[in-house]
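Comments concern the structure below.
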């Protein structure tokens, strides 16, 4: 088994003067073994994702990146972390700046991470353009999308723009917070297919928060079930959701609305 | 004789766009009808048109009639506020998607539930208080007295939706309209609320018009469904027919997408599933 890319080791988190949101959470994310964090509102899924993203520091325990504790103060290591670990948010309507062109939005990580710094200035623009075109192509958007603005796109297309931005730095891990739950069902299936394709073609490890067990089953080989800030069950998705051991997981699985069975 | 008859309903926006066109369906007393559509399909507007609650500037055409035995037949399109107010709550009432916006944040739950009871049944004082407790118990809220004293922000989303249902049922409507009533809720809470609605609608022999985007949810609680796209009906029929043999290309795409996600769960193995 290879070393985890990101690891949460006995992590706890509490907001100031408030009871703990997370207690003793340990999760490993290894190459190709994407983890889904499932649970209900208030279970601590999003807080855990923020810790894994280095957007907050755990109150107890540690977050490790490539085996070393993630220290937000260490700018050089944070830069390599940001390059390797990118994110997609739930709402494609609020996560894209409406005043910037798609090309500018998608190329933002290249600038903020200084990925083209080694190139002489005149070549940077062309290189950025190429990287943006490749990212847009990978998410199935037309080439001319680069010159357009977010409001010209539907919800599903905007989420594609957000995914293009996330993969432009060629990260190893994509951390996504409910990436499809704001989308209509037919669009949802297409974005799930896209994420599955990126996982296959780019070796991208997809970690996501989701309340939709069908999406989880389709995308993540591993799952961790959170209830009130604790991991009550984790392991292979097929095992955990297929034959859940913990009472809460059983209730969660049983509650998923299903279509009427097809006649034999 | 249908309880609700929608015939050639059209809704036009202030700038002249057709948001709903030529929509027709009927809901008989005691039956359950589902409206399915994605965002922007016009399903919520249909609910508002039936309640006579279209936003200012929008105009309805065609006909929406409500026919409650003993209360006569009423045309909703073009009806005045006074007539509509007599129907709301008593003939039809609605449960909306987001219980937090349906409830007044500055008013205790008990007062809000009391309002329709006082108005419709003329209850006062102790009798009113007893009726409020009974209404909260009916929606399976444990500790109804504590809930009655609470403000909306002090209770959970599922509890708020139960309160909204209690208010909608207060006047024993002949038709309950539920507009995405579980979309904002967690999946286990959604299952509880759907079971609650199912039981209450049966117990009071109400008709149910259930509006939603989730095919699995809508097909689980209704007998007949209509699929809306861009304000037009693309397919309607018995739930099993539509879900098992959709005919229209859009209906096929919608059912296909839902089946694809459903299949991902099936592949997890038999174990828990029956």
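None of the figures in this text is laboratory data; all of them are computed from the coordinates on show. All values reported here derive from a predicted model rather than from experimental measurement. Note: ideal-geometry Cβ built from the backbone for every residue, glycine included; neighbour counts use all protein chains shown.
Over the protein assembly as shown, the Kirkwood radius and the radius of gyration, each from Cα atoms, give a ratio Rg/Rh of 1.01. By definition, a body whose alpha carbon gyration tensor gives a ≥ b ≥ c is oblate when a/c is 1.5 or more and a/b is not larger than b/c, and region B:4-266 fits this oblate description. If you run the Gaussian network model on chain A, springs between alpha carbon atoms under 10 Å, then out of A:102, A:21, A:231 the most flexible one is A:21.
Averaged over peptide B:34-40, the number of partner chain Cβ atoms lying within 10 Å of each residue's Cβ comes to 2.
Cβ neighbours within 10 Å, averaged per peptide: list B:218-224, B:20-26 in order, most packed at the top.
Working: B:218-224: 20.4, B:20-26: 18.1.
Top of the packing list down: B:218-224, B:20-26.
Counting only other chain Cβ atoms within 10 Å of each residue's Cβ, the peptide B:123-130 averages 0. Here the scattering of region A:125-264 is modelled by Debye summation over its C-alpha atoms, one equal scatterer each and no solvent; at q = 0.12, 0.15, 0.19, 0.21 Å⁻¹ the log10 of I(q)/I(0) is -0.58, -0.82, -1.13, -1.29. In chain A, the longest principal axis of the Cα atoms and the axis of helix A:185-202 are about 70 degrees apart. For residue A:143 and residue A:94, a Förster radius of 22 Å and the Cβ-Cβ distance give a FRET efficiency of 0.25, rounded to the nearest 0.05. Each peptide in A:62-70, B:156-164 gets a packing score, the mean of other Cβ atoms within 10 Å over its residues, and the list from highest to lowest is B:156-164, A:62-70.
Reducing region A:169-223 and region B:59-137 to their Cα centroids gives an inter-centroid distance of 43 Å. In the frame of its principal axes, chain A has Cα extents of 60, 53, 39 Å, reported largest first. The radius of gyration of the Cα set in region B:17-102, together with its Dmax, comes out at 13.4, 38 angstrom.
Measuring nothing but how far apart in sequence close Cα pairs (under 8 Å, 6+ apart) lie, relative to its length, chain A scores a relative contact order of 25 percent.
Distances longer than 12 Å among the Cα atoms of region A:1-53: what percent of all pairs is that? Kindly include the intermediate steps, with their values, before the conclusion.
Working: 924 of 1378 pairs.
Everything past 12 Å amounts to 67 percent.
Take each residue of peptide B:217-230, count the partner chain Cβ atoms within 10 Å of its Cβ, and average: the result is 1.
Express in nm, to one decimal, how much length is gained between residue A:151 and residue A:125 on full extension, taking 0.36 nm for each residue of separation and deducting their alpha carbon distance.
Working: separation 26, 0.36 × 26 = 9.36 nm, distance 2.46 nm.
Result for the pair: 6.9 nm of gain on full extension.
Size descriptors for region A:81-159 (Cα atoms only): Rg and Dmax, in that order, 12.9, 37 Å. Under conditions of 20 °C and 1.002 mPa s, region A:1-151 yields 120 µm² s⁻¹ as its translational diffusion coefficient, taking Rh as the Kirkwood radius over Cα pairs in the Stokes-Einstein equation.
The C-alpha atoms of chain A define a longest principal axis, and helix A:121-138 lies at about 40 degrees to it.
Grab the beta carbon distance between residue A:10 and residue A:247, set R0 = 22 Å, and tell me the FRET efficiency rounded to 0.05. Before the final figure, lay out each step's value.
Values: r = 24 Å, r/R0 = 1.08.
Computed FRET efficiency for residue A:10 and residue A:247 comes out at 0.40.
Principal axis extents of the C-alpha atoms in region A:23-77 (largest first, rounded to whole Å): 36, 27, 17.
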